[in-house]
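Notes follow the structure.
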Amino acid sequence: MSPLLLVLIAAAGIALLLFLVLKYKFQPFVALMLVSILVALAAGVEPSKLVATIEGGMGKILGHIAIIIA
């Protein structure tokens, strides 16, 4: 997949995230998870690897936050 297409998919994801939160008053976490799944699928991540990818990303972020808080 070309880098330009990936940038366009990411930009569309950001726009959709803002639209869902600001216009439809979705909870930000729910909107972020929904948009993350849609962007991953659009970018070519296999559905069978999607859950592991999201868990890995969230685990890394939460691990860094836990270190900062502690």
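Counting only helices (runs of 4 or more DSSP H) wholly contained in the chain, the ones carrying 3 or more residues that are among the β-branched types (Val, Ile, Thr), modelled with pLDDT under 95 and open to solvent by 60 Å² or more (accessible area, probe 1.4 Å) occupy 47-69. Of all residues in the range 29-59, those being within 14 Å of GLY13 (Cβ to Cβ), over 9 Å from the mean Cα position of the chain (by Cα) and not small (Gly, Ala, Ser) number 2.
The values are calculated or read from the model by the stated rules, or taken from the named source; none is laboratory data. This is a predicted model, so every value here is computed, not measured. Virtual Cβ from ideal backbone geometry, glycine too; neighbours counted across all protein chains shown. Note: accessible area is taken over every heavy atom of the protein model, side chains too, but ligands, DNA and RNA are not part of it. Shrake-Rupley method; radii C 1.70, N 1.55, O 1.52, S 1.80 Å.
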